[in-house]
Amino acid sequence: MVNKVVKTEEEWKAQLSPEAFKVTRKAGTERPFSSSLNSYKTEGVYRCACCDAELFTSETKFDSGTGWPSFYAPSEPENITNKKDFSLFMIRTETTCAVCDAHLGHVFNDGPQPTGKRYCMNGVALAFEPMDVDGDGKVLGGSAQAAS
């Protein structure tokens, strides 16, 4: 069980950019190809932009061609919650942060193996931290700037 982070709407507004607030707290969607995280190839960890919970690593990131950062599995499954989303006249599975309830994006069943999942995340909902995730003592992929 995760330790929940609970803040008022005013506290979230003070912490987040207007776009990050709209996406994470109001279940919005950023424009495709608008996030620099979509093309990141640097080794590291993707965290929730609201509460800093670890969500994904570069090891499961792939180019889905959709315009949003995509992953085939969370690195910390207990930090992810999936629920049915009936908005926009379709049924999808919404992915939220289990720690702070931030809207992250959606998960689809058209991803690569080994899971067959595509966690299609809003880049503005993520914060990137360059880190050695494969244990080789190096951060591969260049010198990415931390983004949020």
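Could you please find all residues in region 87-101 being within 14 Å of Tyr119 (Cβ to Cβ) and outside any strand (DSSP E or B)?
Just the residues of region 87-101 that are within 14 Å of Tyr119 (Cβ to Cβ), to begin with: 92-98.
Matches in region 87-101: Ala98 only.
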Index of the failed condition, Lys61 passing every other in (1) closer than 15 Å to Ala125 by Cα; (2) of a type in the set (Lys, Arg); (3) surrounded by 16 or more Cβ atoms within 10 Å (Cβ to Cβ): (1)
Flag if Asp110 is surrounded by fewer than 17 Cβ atoms within 10 Å (Cβ to Cβ), modelled with pLDDT of 95 or more and not basic (Lys, Arg): yes
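Residues checked against (1) out of contact with any Ser or Thr (no Cβ under 9 Å at 6 or more places or on another chain); (2) under 18 Å from Asp110 (Cβ atoms); (3) surrounded by 14 or more Cβ atoms within 10 Å (Cβ to Cβ):
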site	(1), (2), (3)
Val5	yes, no, yes
Glu10	yes, no, no
Val23	no, no, yes
Tyr46	no, no, yes
Cys50	no, no, yes
Gly67	no, yes, yes
Asn82	no, yes, yes
Cys97	no, no, yes
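The values are calculated or read from the model by the stated rules, or taken from the named source; none is laboratory data. Since the structure is predicted, the reported quantities are computational estimates derived from the model, not experimental observations. All Cβ positions, even for glycine, are placed from backbone atoms using ideal geometry, and neighbour counts span all protein chains on display.
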